[in-house]
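Read the figures in this text as sums done on the coordinates, not as results from a lab. What you see is a predicted model; the values in this text were computed from it and never measured. Ideal geometry is used to build each Cβ from the backbone, glycine not excepted, and the neighbour counts take in all protein chains shown.
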Amino acid sequence: MRPSRIEPRGPQQGSGGMSARPRMELDPWIVAAFVAVVGLFGLGFMGARLAPHEPIFFVVEHGSDLRPYEPGVVFPLGSDVLGRDMISLVLAGAGATLTIVLAGGAARVAAGILLAAVGGLWRPLRLLTESAAELVSAIPATLVALVLVKILVKADTTFLVFVGALLLIGWAGPYRIVRAEIDRLAHAPFIEGARSLGISGWRLFWRHQLPHLVPILAVNLAQQVVASLVLVAELGVLGTFVGTTRLINIEESLSRVIVGPPSVTQIADPPEWGGLLAGARTIEILWTTRWLIFVPGMAFAATAVAVGLVGFALARRYERRDIVDDLRGAGAVILAAVLAAVAVGGALIPERYAEARTWAADARGAVQAAPTDLAGAFGAAGLAPLGSSFAIDRQMTSLLQTAGASVRVGGVTLSEKWPRDTTRAVYGDEVRSFVNADTGGGIVDAPLVFVGRGIAPLNPNAPVFRPRFGLQSPDLQSLLSHYADDYAGIDVRGKVVVLVRFLGFVHDTFDANGRIKGRRTVAGYTPYESIADAIERGAAAIVFVDADLPSYVDTYQGGASPTAGPPSPYARAEKLDPATAMGGVPVVVIGGKAAERLLMPLGISVGSLFGADDFGKLDGVASLSRDLGITARVAVPLEKTETHSSSVVGEVQGAPNDQGRVIVWTTLPEGGGSSSSIDALASLARTLAPRHVPFIFVAFDPSGDAGANRKLVLEALGTRRVGLVLVLLDLRGEALQFATPNGDLIPAFDLYAERAGARHVLTRSTSGLTAIGDALPIPLLRTVLIRGGGEDGDLRGDAGALIGYVAGRYALGAEELRR
């Protein structure tokens, strides 16, 4: 190989008889390597800023086209399964990917050099390093890296863990190469001469041997970086990548049901290239939507070629040159200057919608306690009412429970705690009333009967369940056909009925090792069906036993987490169908512990009735129903009350009706007064009103019939188009938490909070409608719930900064907010 050099040429006659100056011949390989280094460096520093779109931009629908969109339909190189631009994802993930592979490759070579140098100083240490290198070389790299990452990481894979795994499984190769080259140079004349001058072994290695290793080290470094790149790709295919893992479901963001394209998938944040491959691991993608693999695959391949080119060019140049000379020359200065210019340029390129940070800071600084007169505060801020005034009033007669429900049997009394504590994540208590349009209130003293789980095999109203996904589960009627009738021989008319919830059936099949290989489930009666059946048979009052009662989430508005427990079927029924008459059948729901306490003195243990049955478990078994021969008292105190609700609604003036609005919604506290969310709402109204962004602020009063009150607010909105609803819940805690059924909003709001400087917890999954549906003020609209989590703290400023940042991006034309 011929190193580049300055070659003097013989004198050439030019004009005036002057000889021409010597000129530098540039090695084309070095020029190509220079371009490759600058290109990779620039891609890592500026890839995300140069991307056409941000990774938070989802095109969930595009006419009749199905996701993932083919190249050229929406984006030049197509989209991923969720509708994000593949080019933008690759550019946004370039920084993370290149940092990992370059750090991993450099760490491997550095470790190999260091261990080779240390091993040469003491023979026992060399034997140890040689043995360790033999062991590391013998194990499968991908498998060990996967195991290391899974063992060391409990949540998200961090950069250091990933690089550490690459180092531990890859240092042996560079070590062996360096060790072999040192042994080859050990008897070279210049090494012998250095030893004769008394130079120490440590100095001999670093000053005399290492410079001769530059060509082989350059090639090996390139090999190790490419090997790290390949390993990142392999681990991505196996579902392991760096960054936050999110489970995104965009089903609720679709305007129509689409059969075919997946709506749920796991994504990486940032979109590191291995994470892109992790999301493309299906047979369908392999055969029909190959661009999901091809685009990141081409990024891997282009990077490998560029790195290999750099390694080859350096090895070629320094085969007969001393690298120390070049480090002191103009070339090194030029390279450093260009890389510095790229780094500075990357830092100076503003992030998208950078001015939104100013909006966030202004909103944070404006947070203060809300005035008592919220309508007056809206007017003073410059908002406009949706109608004749800011207040949307409603006068009504409502049925309200005035005290806790109770059940008394003999000497045992069960009482509902009143008023209910709505600040807990779960209900937590063993007794609650159930008052809706089908039940009622009042006091009933009547004989007590026990009807087991209220199973009536010949009940024509029992639900019929069809097989799903090819699992041939029998319907409920077939499974109950040989069960005893719990109502046979028992007259429940005019009596207090004790009824246990029937959950249905679960049937497991097992393999030869006793492990479950299949499960079939058939749901039983819902609480409403069981209670309605008893009422239809003439029950005067009902004590309904539900062992899961304490674990239900009664309301999200009180600060419950969407993952704290299953949603309460009773709270939902009361909300959707409130009581309308004073009479009716009083119903009290009790938990498993309360049921044992109430019924054990009567000789009845209901524990065996909890949970689901196996197929045929109680076929032919006699019913436990019987008359208990004692009088019970059930009380659910209700009274008619004149209630008045007054929601306060105002909008920023100046926006046309066809422009999409953002609604900031919070709920007024019971009994009036202020709250952390009201403070944030009033402060945001004061900050955003002069900026003329299309925002609407709603302080909702749920007094009386919350559904009817909400309907009045929606009627006041008229024809205004609403694109996003932000619901402020309790803002006390250590960090903001977000919940939304619209998965495409999850990465966006985490990004907004980060850039606004708002303390927040990363959102990892999409919340189901069954968990948070009660907290969504306007169904079918994109909605984000914002609340505080953790210990006591003040998050009003953080919530204000977050929504201020959202307003700033909206005003600046952010594409993900305006669709």
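Kirkwood hydrodynamic radius computed over the chain comes to 32.4 Å, based on all pairs of distinct alpha carbons. Its Cα centre serving as origin, the stretch 53-300 has a Cβ charge dipole (Lys and Arg +1, Asp and Glu -1) of approximately 1160 debye. Which entries of LYS417/LYS495; LYS417/LYS575; LYS417/LYS617 show an alpha-carbon separation above 29 angstrom in the structure shown? Beyond 29 Å: LYS417/LYS617. Here the residues TYR427, TYR528, ranked from fewest to most Cβ neighbours within 10 Å of their Cβ, fall in the order TYR528, TYR427. A crude spin-label estimate for the pair THR358 and ALA512, with each label 7 Å from Cα along the Cβ direction, gives 7.4 nm. The charge dipole of the stretch 343-444, taken about its Cα centre with unit charges on the Cβ of Lys, Arg, Asp and Glu (plus for the first two, minus for the last two), comes to roughly 160 debye. Treating r as the C-beta distance of ARG818 and TRP122 and R0 as 60 Å, the FRET efficiency rounds to 0.30. Over all distinct Cα-Cα pairs of the stretch 80-159, the Kirkwood formula returns a hydrodynamic radius of 16.0 Å.
For trypsin sites (Lys or Arg not before Pro), the sites in the stretch 476-524 that DSSP calls loop and that have at most 14 other Cβ atoms within 10 Å are ARG493, ARG515. Look at the dipole of the chain built from charges on Cβ: of ILE113, TRP359, ALA138, the Cα furthest out on the positive end belongs to ILE113.
Of the residues PRO174, LEU780, LEU684, the one whose Cα sits farthest towards the positive end of the charge dipole of the chain is PRO174 (charges of +1 on Lys and Arg Cβ, -1 on Asp and Glu Cβ, taken about the Cα centre). Fewest-first ordering of ILE216, ILE535 by other beta carbons within 10 Å of each residue's beta carbon gives ILE216, ILE535.
Candidate membrane-span-like segments in the chain, meaning DSSP H helices with Cα atoms spread over at least 27 Å of their own axis and a Kyte-Doolittle mean of 0.5 or above, are 28-50, 86-119, 214-237, 291-317, with no membrane implied.
If only the Cβ of Lys and Arg carry +1 and only the Cβ of Asp and Glu carry -1, the dipole of the chain around its Cα centre is close to 2840 debye.
Convex hull of alpha carbon positions in the stretch 53-300: directionally averaged projected area 15.8 nm². DSSP beta bridges fully contained in the stretch 403-636 are about 65 percent antiparallel. If R0 is 51 Å, the Cβ-Cβ spacing of MET600 and VAL257 corresponds to a FRET efficiency of close to 0.55.
Measuring from label point to label point, each 7 Å out along Cα→Cβ, what is the ALA188 to MET396 span in nm? Taking the two extended label points, one gets 9.0 nm.
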